[in-house]
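The values are calculated or read from the model by the stated rules, or taken from the named source; none is laboratory data. The shown structure was predicted, so the numbers you read here are calculated from the model rather than taken from an experiment. As a convention, Cβ positions derive from the backbone with ideal geometry for all residues, glycine included, and neighbour counts pool all protein chains shown. We work out accessible area using only protein heavy atoms, side chains counted, and drop any ligands, DNA or RNA first. Shrake-Rupley method; radii C 1.70, N 1.55, O 1.52, S 1.80 Å.
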Amino acid sequence: MEFKNILLSNENDIAICQINRPDVLNALNMQTMSEIVNALEISDKDENIHAIILTGNKKSFAAGADIKEMSNASSVEMLIRDQFAKWDKIRKIKKPLIAAVSGFVLGGGMELMMCCDIVIASETAKFGQPEINIGVMPGAGGTQRLTRAVGKIKAMELVLTGKIISANEALQLGLVNKIIPIEYYFEEAKEIAKEIASKPQIAVQLAKESILKSFDTTIENGLEFERKNFYLLFSTEDQKEGMNAFIEKRKPNWKGN
Ligand code: DAK
C-alpha cells in the first residue's frame with residue numbers, strides 16, 4: 001500500500017510506523033490518521049509481525065490534530081467526518097504498540113501516544129493537552145485515558161490549563177515508561193519491542209487484551225475475563241513448551257501457537 005504521510009517498514013518481526021509530516025510538526029490530519037490506522041491494521045494482521053513501534057521524528061512525535069484542517073468545520077461536519085471511528089480501531093489492535101516519542105507530544109499526539117501500550121520518551125519530549133488554548137478540549141480520549149493514567153487532579157490541571165510538561169514530569173506522572181537520551185530513544189524502543197516480540201505471542205496478546213479490559217469493566221468482570229484468557233492459554237502449544245522447558249531446565253522454543 002502507498003502512504004503519503006507515514007513511512008511503514010518491517011525489521012524482522014517488528015513493524016515501524018513513522019509519522020512523516022515534518023513541515024507541520026507531524027500534525028495529524030485526517031489522511032495521516034487513516035494511514036496510521038491502515039498501517040497498524042496491516043501489521044496486526046501480518047503473522048510475521050509481533051510488535052509495532054509508532055514514532056515521529058526527533059523534533060516532534062505529533063503536535064496534535066491538524067488545526068488548519070478543522071478550524072472552519074461545523075459540528076455537523078465534524079460529526080460526518082466521524083474521526084472517532086478511526087481512533088476506535090486503534091483500540092482493537094491486538095499486538096503490542098510501543099510509542100517512541102520525542103519533541104512535541106501535544107493534543108491528539110498525546111492522545112495517540114496514550115493509545116499505545118509502552119512509551120519510550122526522549123529527554124526532549126514535551127507533553128500536553130493544549131486544546132483549551134484554541135477554544136476546544138481533548139476529543140480523542142484525553143479526558144478519559146489521561147484521567148485513568150494520572151488521576152483526576154493532575155488531569156484537570158493539564159486539560160484546564162493546557163500547560164506543557166517535561167519528560168521528567170511525564171515520567172513521574174506515569175505517562176511514560178522510560179526517558180532516554182535523544183540519540184538512543186528509538187533504539188531503546190526497538191529493544192523493548194524485540195524483547196516482547198520474543199515472547200509467546202498468544203500469551204502476549206491475551207495479556208494485553210486483559211489489561212485493556214480493566215479500563216471498561218468492573219473488577220469482578222475483569223477478573224473473570226482474565227481467568228478465561230488464562231485458561232485459554234492452556235490450549236496453546238507454547239504453554240506446554242514453556243512449562244516443560246522450565247522443568248527440563250532449558251530455553252523454550254516458542255512456536256506462536
Ligand atoms: N496543526 C496544524 N499545523 C501545525 C500544528 C497543528 N496542530 N502544529 C504546528 N503546526 C505547523 C505550524 O502552523 C507551522 O506551519 P507554517 O506556519 O510553517 O506553515 C509549523 O507547523 C511549525 O510550527 P511553529 O512555527 O508554530 O513552530 P514552533 O516551534 O514555534 O511551535 C508548537 C511549536 C508545537 C508549540 C506550536 O506549533 C503549537 O502550539 N502548535 C499547536 C499545538 C496544539 O495546539 N495542539 C493541539 C491541537 S488540537 C479528534 C481527535 C483528536 C483531536 C481532535 C478531534 N476527533 C477524533 C474528532 C485533537 C485535537 C488537537 O490536537
Quick one: which residue in SER60, SER74 is among the hydroxyl-bearing types (Ser, Thr, Tyr) and over 16 Å from GLU111 (Cβ atoms)?
SER74
Taking the options GLY141, GLY151, GLY108, name whichever one is at positive phi and modelled with pLDDT of 95 or more.
GLY151
Would you check if GLU209 is surrounded by fewer than 17 Cβ atoms within 10 Å (Cβ to Cβ) and within 21 Å of ILE90 (Cβ to Cβ)?
yes
What's the number of the condition GLU2 fails, among (1) away from the ligand (no atom under 16 Å from the Cβ); (2) touching a strand residue (DSSP E or B) at 6+ places or on another chain (Cβ under 8 Å)?
(2)
With the condition being under 13 Å from the mean Cα position of the chain (by Cα), I'd like the helices (runs of 4 or more DSSP H) fully within the range 37-150 carrying at least 1 qualifying residues.
83-91, 108-114, 142-150
Considering residues of the range 157-199 that are outside any helix (DSSP H, G or I) and closer than 30 Å to ALA245 by Cβ only, the residue nearest to the chain's Cα centre (by Cα)
ASN177
Among all residue pairs at least 6 apart or on different chains, which show Cβ distances below 7 Å where the first residue, located in the range 149-170, is within 20 Å of ALA100 (Cα to Cα) and the second is surrounded by fewer than 17 Cβ atoms within 10 Å (Cβ to Cβ) and at pLDDT 95 or above?
ALA149/GLY174; VAL150/GLY174; ALA167/GLU123
Filter result for the condition that a residue is modelled with pLDDT of 95 or more, hydrophobic (A, V, I, L, M, F, W, C) and in contact with a Lys or Arg (Cβ under 7 Å, 6 or more places away or on another chain), over ALA62, ALA51:
ALA51
Enumeration of residues in the range 12-36 that are β-branched (Val, Ile, Thr) and assigned to a helix (DSSP H, G or I)
VAL24, THR32, ILE36
Restricting attention to the range 70-78, does a residue exist that is open to solvent by 20 Å² or more (accessible area, probe 1.4 Å), free of Cβ contacts under 8 Å to residues at least 12 places away in the same chain and near the ligand (Cβ under 8 Å from one of its atoms)?
yes
